[in-house]
Amino acid sequence: MKRRGRAAAILMTMTLILGGCGGKDDGTTAAVETTKAAETTAAPVETTAEGAAGQGIYKPGTYTASAQGNNGPVELSVTFSEEAITEIVIGEHGETAGISDAAFEKVPAAIIESQSLGVDTVSGATYTSQAILDAVADCVTQAGGDAEALLAVAVQGGAEAEGAVLEDAEVDVLVIGGGGAGLSAALSASQNGASVILVEKLSALGGNTFRCGGAFNTCDPERQKEIPMTEALSSAVEKVLAHEDVSEEHAKLKAEVQEQWDAYKASGSTMLFDTLEWHALQSLDAGDYEGDVELVRTLTSNTLDTLDWLSHNGVAWTDQVSTVVGALWNRSHQTPNNSGADIIAALEKNATENGVKIYLDSKAEELVVEDGRVAGALVTNADGEKVTVKAAKGVIMATGGFSANVEMRVKYNEQWEDIGESLQTNNSPGATGDGIVMGEAVGADLVGMGWIQLMPLNSVSGGGISGYVNSSLYCNKEGERFVAEDQRRDVLAAAALGQTDKLFYVVCDQKEAELRGVTPETLSYMVDNGLVYSGDTIAELAEDMGVPADALEKTVSEFNELVKADKPDEFGRTTWENTIETGPFYAPSFSPAVHHTMGGLKINGNAEVIGTDGEVIPGFYAAGEVTGGIHGTNRVGGNAVPDALCFGKIAGANAAKE
């Protein structure tokens, strides 16, 4: 089998100066990566009829430029001889470590190898790849070269790195998709004695779990023991318990929570009330009671065990528990770097050490069914060849949702006036609904396809301080609050869409930045590059934001009084923590984006896929956003990661036992 490789003349060296960023809105890191062509073998590129690069066309030297990446400017320098590009050094940037790594490694190497700007971008890191190409093109022009001609130079080999290429194979369990759900399923299956192959269509693992802020909701008595129970939070419990019975399953769950609530009140405790059942009931309520009670119970009854399992496998968690945007309750756990990258790194490390074989750039095209059982899949491998992977025990679908597929969004949408191209997505570009299509082709039932969640906090300015709502306020371009910041994500998104230019700001102070672990270097980078607005006073912040100073000063003052009162306000907000009084003050801007598709393959509590006939499809499992029925009309913030990892763990264990 022919495998892709780089010419022997190419030498790659990577020097990391500072580690990558963590949180989804950090927008900061400083790294230097160097790609060189060996001087003794770098051949000049001859001039073509089209006017491409030839001998003596560059002014030798090193030139610098920057171009807009995913999280802000990507700076680099390019060194030229008279005949060729000889070195590309990536400088300061705000791209997310892990997502951007493949682009920083592959694209410069391909440019030097081919002496061309017509190289492929890296799947999953398109914006970073394009930033590199744009900045190099700028340097080419500075050096007297013809960037347009270089774009037309034929590419030999492209930007793909050497790596294992999938061939026809037989295995116990095949996992399709390399995000949090897929990796947890693969690790779980291998820990339960199965041989496992995982295929991922993109050039990097991680999916949406990698892109997230690392929030994980679970009832956790130990970490929650210092959180006070307020009058506002008590009113939230009473409101949900007062809801009329929707079904027998709901009535039973509500009765359990009522008993727990009565016992809590009788105990005289002043600390936070929380149970696995209350988490389930609150999640069901937040999804307008459209979620499957069995699946919601399965989720919340496994969250703490899964958190501990992740800890055992190397994932660290901070001791503080707060409320991530849309989470509704103080049960959001956090990775130290505010990043799902920590979770992916730990899962990948343990999976590979446990024998899981992982193949990137390998796209599953269709499922193989034998005697009514899903027995494998046809896969296009990294060489573009069709191969077959047979799975003796089971296939686990973990390909994510369809947020990045505009056609599917428009087809199924029942919730929003416009869910088409006017709204971007902050999801992985791999979230195109492949697993749903493959599953439907073998008779899988679909559920909840019309419910699509918008993420209110999609950064417009490019940065952010925190995804937590405890100590921040949302204001519009008029400098006024317009919603309860601790509301459901669909409520927040709908409210944001109603503001001028569909834009709003999240205002916080230095105290909040320090509480969330944002370093001075990170803050300086974001302020200096315009990723967040800032000011030593609220008036200065307002001037930087371009909003009326008197209005913002009044809004912040009123907010601080509400924090001190610790009661529901006119919008119904119940979550309060700190005032906004310690300068400097910060305010990134946001506008909603398509973030989560609640619908997908119907499963049961064992993560088995259910067919349109209501029966389990033998050998077929699914986990994560490719599934439906868990979240109802709205996903609670901080529930996505436990959903993916809990059901991934369940799917892997059950598939291995077949």
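Could you order 246, 406 so the one with the most accessible surface comes first? Probe is 1.4 Å.
246, 406
Full extension from residue 151 to residue 263: what is 0.36 nm times the residue separation minus their Cα-Cα distance, to one decimal in nm?
33.3 nm
For region 170-180, take each phi angle, set θ = phi - 60°, evaluate the Karplus expression 6.51 cos²θ - 1.76 cosθ + 1.60, and give the result in whole Hz per residue in order, putting x for glycine and proline.
10, 8, 6, 10, 10, 10, 10, x, x, x, x
On full extension of the chain, what length is gained from residue 239 through residue 390, given 0.36 nm per residue of separation minus the C-alpha to C-alpha distance?
Separation in residues times 0.36 nm, less the Cα-Cα distance, equals 49.2 nm.
Can you list residues whose amide H is under 5 Å from residue 86's amide H, if they're 5+ apart or on another chain and H is modeled 1.01 Å from N?
79, 80, 81
Using the beta-carbon distance between residue 170 and residue 539 and R0 = 60 Å, what value does 1/(1 + (r/R0)^6) give for FRET efficiency, to the nearest 0.05?
0.30
Compare the Cα positions of 122, 479, 638 along the charge dipole of the chain (+1 at Cβ of Lys, Arg; -1 at Cβ of Asp, Glu; about the Cα centre) and return the one farthest towards the positive end.
Farthest towards the positive end: 122.
How large is ³J(HN,Hα), in whole Hz, for each residue of region 224-238 in order, when computed from phi with the Karplus curve 6.51 cos²θ - 1.76 cosθ + 1.60 and θ = phi - 60°, using x for Gly and Pro?
Rounded to whole hertz, the list is 8, 5, 9, 8, x, 8, 9, 4, 5, 5, 4, 5, 5, 5, 4.
Please list, in order along region 508-523, the HN-Hα scalar couplings obtained from phi with the Karplus expression 6.51 cos²θ - 1.76 cosθ + 1.60 (θ = phi - 60°), rounded to whole Hz, x for Gly and Pro.
Ordered by residue, 3J(HN,Hα) equals 8, 10, 4, 4, 5, 4, 5, 4, 8, x, 7, 6, x, 5, 5, 4 Hz.
For a quick check: with amide H placed at 1.01 Å from N, whose amide H comes under 5 Å from residue 375's, ignoring anything fewer than 5 positions away on the same chain?
368, 369, 370
Tell me the accessible surface of residue 349 in square angstrom (1.4 angstrom probe, heavy atoms of protein chains only), to the nearest ten.
Answer for residue 349: close to 110 Å² accessible.
Tell me the accessible surface of residue 358 in square angstrom (1.4 angstrom probe, heavy atoms of protein chains only), to the nearest ten.
Estimated to the nearest 10 Å², residue 358 gives 40 Å².
Report, in whole Å, the centroid distance computed from the Cα atoms of region 618-658 and region 444-508.
After rounding, the separation between the Cα centres reads 26 Å.
Counting only C-alpha contacts under 8 Å and six or more residues apart, can you give the relative contact order of the chain as a whole percent?
17
Taking the Cα centre as origin and putting +1 on Lys and Arg beta-carbons and -1 on Asp and Glu beta-carbons, what dipole magnitude results for the chain, to the nearest 20 debye?
980
Using only the heavy atoms of the protein chains and a 1.4 Å probe, how would 612, 579, 335 rank by accessible area, largest first?
Per-residue accessible area, sorted high to low, gives 612, 579, 335.
Using a simple charge model, +1 on the beta-carbon of Lys and Arg, -1 on the beta-carbon of Asp and Glu, nothing else, what dipole does region 140-285 show about its Cα centre, in debye to the nearest 20?
380
Keeping every protein chain in place, order 357, 390 by accessible area at 1.4 Å, biggest value first, i.e. largest first.
357, 390
Between residue 511 and residue 318, what is 0.36 nm times their sequence separation minus the Cα-Cα distance? Round to one decimal in nm.
Between residue 511 and residue 318, full extension yields 67.7 nm more.
Mind jotting down the distance between the C-alpha centroids of region 88-113 and region 309-336, whole Å?
Centre-to-centre (Cα) distance: 31 Å.
Report for the chain the percent antiparallel among DSSP-assigned beta bridges with both residues inside it, nearest 5.
75
Using helices alone, what [θ] at 222 nm do you get for the chain, with -39,500 (n - 2.57) per DSSP H run of 4 or more residues, divided over all residues and rounded to the nearest 500?
-10000 deg cm²/dmol
Is the C-alpha gyration tensor of the chain telling us rounded, prolate or oblate? Criteria: a/c under 1.5 is rounded; beyond that, a/b larger than b/c is prolate, otherwise oblate.
Oblate is the answer for the chain, as a/c is 1.5 or above yet b/c matches or exceeds a/b.
Extending each Cα 7 Å along its Cβ direction at residue 271 and residue 370, get the distance between those two points in nm, one decimal.
5.5
Can you give me the distance in nm between label points at residue 59 and residue 437, each placed 7 Å from the Cα along the Cα-to-Cβ direction?
Going by the 7 Å Cα→Cβ label model, 5.0 nm.
For region 382-499, what's the relative contact order in percent, using C-alpha pairs closer than 8 Å and at least 6 residues apart?
21
Mind listing the long-range amide H neighbours of residue 603? Cut-off is under 5 Å, sequence gap 5 or more, other chains count too, H placed in the peptide plane at 1.01 Å from N.
610, 628
Testing the spin-label approximation: label points 7 Å from Cα along Cα→Cβ at residue 378 and residue 141. State their distance in nm.
Rounded to a tenth, the inter-label distance reads 4.6 nm.
Which residues does the label zone of residue 561 cover in region 468-502, counting backbone N under 20 Å from a point 7 Å along Cα→Cβ?
471-476, 479-485
Could you tell me which of 310, 425, 588 has its Cα farthest along the dipole of the chain towards the positive end, charges placed at Cβ (Lys, Arg +1; Asp, Glu -1), taken about the Cα centre?
310
Be a star and scan region 456-487 for residues whose amide nitrogen sits under 18 Å from the point 7 Å along the Cα-to-Cβ vector of residue 553.
478-481
The values are calculated or read from the model by the stated rules, or taken from the named source; none is laboratory data. Computed from a predicted structure; not experimentally measured. Methodologically, a virtual Cβ is constructed for each residue, glycine included, from the backbone with ideal geometry; neighbour enumeration extends over all protein chains shown. Calculation scope for accessible area: heavy atoms of the full protein, side chains included, ligands and nucleic acids excluded. Shrake-Rupley method; radii C 1.70, N 1.55, O 1.52, S 1.80 Å.
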